[in-house]
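K.L.:
Below: one structure in structure tokens.
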Amino acid sequence: MSISITTFGIVNLTVDNWVKGFMGMGLAFSIGSTFILAKTTRDLHETKRLAAMVDEAKVEKLLSQHDPLK
């Protein structure tokens, strides 16, 4: 919704077309940067979660191999 309102505002500005184009490109780059940031954040979260799962599996293996009566 905010993208459409911003686009509407850019189109209805009373300035030259090159200024509208400049602002439109700025909007496009801002939207692209937002998606890239969201993907990077998601990937980092998944990496940390996977590393925690591997560490947990190692601990479980060590605990299952440990016999306190020996």
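Throughout, read-outs are computed from the coordinates displayed, never taken from laboratory work. It should be emphasised that the depicted structure is a prediction, and the values quoted were computed from it without experimental measurement. Neighbour counts are summed over all protein chains in view; Cβ atoms, including those assigned to glycine, are modelled from backbone coordinates with ideal geometry.
K.L.:
Quantify how much of the Cα-Cα distance distribution of the chain extends past 20 Å, in percent. All intermediate terms of the calculation are to be shown ahead of the outcome.
P.N.:
Numbers: 1454 of 2415 pairs.
That tail contains 60 percent of the Cα-Cα pairs.
K.L.:
Test of understanding: what is the full-extension gain from Lys58 to Ser2, defined as 0.36 nm times their sequence separation minus their Cα-Cα distance?
P.N.:
15.5 nm
K.L.:
With a 10 Å radius around each residue's Cβ, average the other Cβ atoms per peptide and rank 24-32, 48-56, highest first.
P.N.:
By packing density, highest mean first, the sequence is 24-32, 48-56.
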